[in-house]
1. Of [x] 23, 22, 18; [y] 29, 19, 18; [z] 38, 19, 14, which one was derived for semi-axes √(5λ) of the Cα gyration tensor in Å from the structure shown?
2. In whole percent, what relative contact order does the chain give with Cα contacts below 8 Å and a gap of six or more residues?
3. Report the residue, chosen from LEU47, LEU194, LEU118, that carries the largest GNM mean-square fluctuation when the chain is represented by alpha-carbon nodes joined by springs under 10 Å.
4. Less than 17 Å from a label point 7 Å out along the Cα-to-Cβ axis of LYS2: which backbone N atoms in the range 16-50 qualify, by residue?
5. Which whole-Hz couplings ³J(HN,Hα) result when phi for each residue of the range 194-199 is put into the Karplus expression 6.51 cos²θ - 1.76 cosθ + 1.60, θ = phi - 60°, listed in order with x for Gly and Pro?
6. Taking LYS94 as the anchor, which lysines have their alpha carbon closer than 27 Å to its alpha carbon, excluding any fewer than eight residues away along the same chain?
Amino acid sequence: MKVVVVANFDSMSAEVAKIVYGQISKKPHSVLGLATGSSPLGVYKLLVEYHKMGTDFSKVTTFNLDEYVGLRPDHPQSYRWYMEENFFSKVNIKKEQTFIPNGVAEDLEAECLRYEDLIKQAGGIDLQLLGIGSNGHIGFNEPGSEFGTITRVVDLAESTIKDNSRFFESIDEVPTQAISMGIKTIMQAKEIILMASGGSKADAIYAAVYGPVTTEVPASVLQLHPAATLVVDQAAASKL
């Protein structure tokens, strides 16, 4: 595991965007694993700027980490909406090449298996972007998630619901379940970039880097990946 410490959120965003740009330049047909939340917002903004300068996204395929159960794609807090609003609608990526789990599928278990199959059909993920929860989760793989898990329906931890309530009018509106790539699915990516900013992530980053590899800190599994890089700002790295 490689750890890159930068000054602040903007520096973190620039470093990660540069890595994504390099991946697409090297392999125009890249398969990217994408994250949502506040951490990657700066990355997407910069990738839009790269597009304005000529970067072509038309051959790129994307798979998002997760989606809330019960939110339709046109719901303002769905991750499909987030991706369209912050990235997809601003670059020349083809919508049919952007994949996000369907949180309102009639058969959620079948949807999870379908998603896994789509990733395999695409040849696997070349570069996976991750954020990290304050409890060490990656995707929505909460503490206790087994390392052998694949895409599945998960129950969200109380701490995650509380963290995400800032995006909703009240905590009662936050979904309690999501479809998430499993830890095994994430670990099958050829390269992984985890980004973190702010002091609220410092304990999780310390545990991910120096703690034992344990299901209680899902991000700690990245210690076992042959090409995982953590890009963290000084506040998130303050306990390293």
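No value in this document is a laboratory result; all are computed from the given coordinates. Predicted model, so just to flag it, every value in this text is computed and none were measured. Using ideal geometry, Cβ is built from the backbone for each residue, glycine included, and neighbour counts are taken over all protein chains shown.
1. [x]
2. Answer for the chain is 26 percent.
3. Looking only at LEU47, LEU194, LEU118, the biggest GNM fluctuation is shown by LEU118.
4. 16-27
5. 9, 10, 8, 9, x, x
6. List returned: LYS18, LYS26, LYS27, LYS45, LYS52, LYS59, LYS120, LYS190.
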